[in-house]
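Q: Quick one: the structure is below, questions incoming.
The values are calculated or read from the model by the stated rules, or taken from the named source; none is laboratory data. Everything numeric here is computed off the predicted structure, so don't read it as measured data. Ideal geometry is used to build each Cβ from the backbone, glycine not excepted, and the neighbour counts take in all protein chains shown. All accessible areas refer to the heavy atoms of the entire protein, side chains included, with ligands and DNA or RNA removed. Shrake-Rupley method; radii C 1.70, N 1.55, O 1.52, S 1.80 Å.
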Amino acid sequence: MYVPRRPSRSEFIPIRGHRYHVRVWGQPQPGRAPLVLVHGWMDVAASYQFVVDALAGDPYIIAPDWRGFGLTTGPACDHYHFADYLGDLDFLLDHCAGDLPVDLVGHSMGGNVVMMYAGARPQRIRRLVNLEGFGLPASRPSQAPGRYAKWMDELKALQRGEMALKSYDSLEGVAQRLMKTNPRLGADKAQWLAQHWAQALPQADGPSHWQILGEAAHKVTSAQIYRADEALELYQRISAPVLAVEAADDSLSQWWKGQYTLAEYHQRLSRVPQHRIARVENAGHMLHHDQPEVLAGLLTAFLA
């Protein structure tokens, strides 16, 4: 199993009615803001361990488990609003950085969060890194009625148990699931991640099952359509330099089959006043797992 070079410690912070779990590496110092790492959908803060291990020096780093993921707990709910991630992040930065601008990194869903947050709170960010946080295809108002209907249908499906996450018979099964999703992920790293990505739940009729640490309610489609024009207004208000990192495997072509392309994403990025694009070779969407040393080098250079 993978052995971390720089182990984390856990802290729990009250944020907006939730008990937020935050992984911490390094030590805070007066006048020193943390490097903040936020994960993507159906992931956890521990996902950044390989990159943290590859960073030079002794950085002070924090990484939260978003609400409904990992070890963060809160009120039971049947859906999640995207804007709540921005609100949670705002409270987290107040707690961990005070008035100091931070360096902020987000992957996938987390990349979308940090881009929108940086447009709404530009003064809070010193440097911003977006790892494959592409946004979504532009929508049309005519899609709204169907979206609301789908949202209500999925709420009922969730209540019927039809959207429950799969459980696994063993930790090895969880590791195999991670490697199936990402064939580049080695068995040593998959086994280490599995113990943070899932937990054992005792069963009355037999051995424990391993349940993914993510609420099934995250699978419920957003009631609101994606507003690309709104995102662009936020993009153009980002004052910090932005590094947009993308993997050589074109995730958008795999996901959207021409409905939303890398060229369209780059066009959106052109609205960000200060930005550059970096490409990581031999990597897929989980590029922080595939090429942690390369990504650590990009971060070190950009955040210097």
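Q: Determine, at each q value in 0.09, 0.11, 0.16 (inverse angstroms), the log₁₀ of I(q)/I(0) that the Debye formula gives when each Cα of region 124-235 is one equal point scatterer.
A: Taking Cα atoms of region 124-235 as identical point scatterers yields -0.42, -0.61, -0.99.
Q: Here is a follow-up. Just the number please: accessible area per residue for region 186-304, 1.4 Å probe, all protein chains included, in Å².
A: Numbers: 5700 Å² over 119 residues.
That works out to 48 Å² for each residue.
Q: Work out how much length GLU162 to ASP58 would gain on full extension: take 0.36 nm times their residue separation and subtract the Cα-Cα distance, in nm to one decimal. Walk me through the numbers before you get to the answer.
A: On the way: separation 104, 0.36 × 104 = 37.44 nm, distance 4.58 nm.
Value of the extension gain: 32.9 nm.
Q: Which value in deg cm²/dmol, rounded to the nearest 500, describes the helix-derived mean residue ellipticity at 222 nm for the chain, given -39,500 (n - 2.57) per DSSP H run of n ≥ 4 and division by the residue count? Intermediate results must be reported in sequence, preceding the final value.
A: Values: 11 runs with 109 residues, N = 304.
Estimated from H runs of four or more residues: -10500 deg cm²/dmol.
Q: List, in order, the whole-Hz ³J(HN,Hα) value for each residue of region 299-304 obtained from phi through the Karplus relation with A = 6.51, B = -1.76, C = 1.60 and θ = phi - 60°; use x for Gly and Pro.
A: With the stated coefficients, region 299-304 comes to 5, 4, 5, 6, 8, 4 Hz.
Q: Which FRET efficiency value, to the nearest 0.05, is calculated for LEU136 and GLN27 with the Förster distance at 45 angstrom and r the Cβ-Cβ distance?
A: Working: r = 39 Å, r/R0 = 0.86.
That gives a FRET efficiency of 0.70.
Q: Counting only protein heavy atoms and using a 1.4 Å probe, what share of the accessible area of the chain belongs to carbon plus sulfur, as a whole percent? Walk me through the numbers before you get to the answer.
A: Details: 7490 of 14020 Å².
Whole-percent figure for carbon plus sulfur exposure: 53.
Q: I've got another one for you. Test of understanding: given the chain, find the longest segment containing no GluC sites (Glu not before Pro) that are in a DSSP loop and have at most 14 other Cβ atoms within 10 Å. Before the final figure, lay out the partial values.
A: On the way: sites that count: GLU162, GLU281.
Result for the longest clean stretch: 1-161.
Q: Quick one: putting +1 on the C-beta of Lys and Arg, -1 on the C-beta of Asp and Glu, what dipole do you get for region 1-76 around its Cα centre, in Debye to the nearest 20?
A: Working: 8 positive and 5 negative charges, 32 e Å.
Dipole size: approximately 160 debye.
Q: Now, a different point. Which whole number in µm²/s is D for region 230-304 by Stokes-Einstein, with the Kirkwood Rh taken over Cα pairs at 25 °C and 0.890 mPa s? Write out the running numbers ahead of the final one.
A: Values: Rh = 13.5 Å.
The Stokes-Einstein estimate is 182 µm²/s.
Q: Run the dipole for the chain about the Cα centre, Lys and Arg Cβ at +1, Asp and Glu Cβ at -1, nothing else charged, and hand back the magnitude in debye, nearest 20. List each step's numbers first, then the result.
A: On the way: 30 positive and 31 negative charges, 82 e Å.
For this selection, approximately 400 debye.
Q: Once you have a ≥ b ≥ c as the square roots of the Cα gyration tensor eigenvalues for region 8-108, tell me rounded if a/c is under 1.5, and otherwise prolate or oblate according to whether a/b is larger than b/c. Walk me through the numbers before you get to the answer.
A: Details: a/c = 1.89, a/b = 1.44, b/c = 1.31.
Prolate, because a/c is 1.5 or more and a/b exceeds b/c.
Q: Could I ask something else about it? Across the chain, what fraction of all alpha-carbon pairs, as a whole percent, falls in each successive 10 Å bin from zero upward?
A: 6, 26, 36, 25, 6, 0
Q: Could you work out the Rg to Rh ratio of region 169-291, with Rh taken as the Kirkwood radius (inverse of the mean 1/r over all Cα pairs)?
A: Values: Rg = 19.0 Å, Rh = 17.7 Å.
Checking Rg against Rh, the ratio lands at 1.07.
Q: For region 124-174, I need the span (max minus min coordinate) of the C-alpha atoms along each principal axis, in Å, sorted largest to smallest.
A: Sorted largest first, the three principal extents are 43, 37, 21 Å.
Q: Run the 1.4 Å probe and let me know the accessible area of MET109, rounded to the nearest 10 Å².
A: About 20 Å², ignoring ligands and nucleic acids.
Q: In whole Hz and in residue order, list the ³J(HN,Hα) couplings for region 36-51 that follow from phi through the Karplus curve 6.51 cos²θ - 1.76 cosθ + 1.60, θ = phi - 60°; x for Gly and Pro.
A: With the stated coefficients, region 36-51 comes to 10, 10, 10, 8, x, 5, 6, 9, 9, 4, 4, 4, 8, 4, 5, 6 Hz.
Q: Another one. Toward the positive end of the charge dipole of region 215-261, about the Cα centre and with charges on Cβ (Lys, Arg +1; Asp, Glu -1), which of SER253, HIS218, ALA231 goes farthest?
A: Of SER253, HIS218, ALA231, it is HIS218.
Q: In angstroms, what radius of gyration and Dmax does region 41-189 have, counting Cα atoms only?
A: Final numbers for Rg and Dmax: 18.0, 52 Å.
Q: To continue, here is another question. Restricting to DSSP loop positions (anything but H, G, I, E, B) with no more than 13 other Cβ atoms inside 10 Å of their own Cβ, which trypsin sites (Lys or Arg not before Pro) remain in region 141-215?
A: In loop regions of region 141-215 (DSSP not H, G, I, E or B), the sparsely surrounded trypsin sites (Lys or Arg not before Pro) are ARG160, LYS166.
Q: Between THR300 and ASP78, what is the label-to-label distance in nm when each label sits 7 Å out along the Cα-to-Cβ direction?
A: 5.1 nm
Q: Also, quick follow-up: Non-local amide H neighbours of HIS209 (under 5 Å, H modeled in plane, Pro and chain starts lacking H): which ones?
A: LEU201, GLN203
Q: I've got another one for you. Can you tally the lysine pairs in the chain where the Cα-Cα distance is under 25 Å and the two residues are eight or more apart, or on different chains?
A: 12
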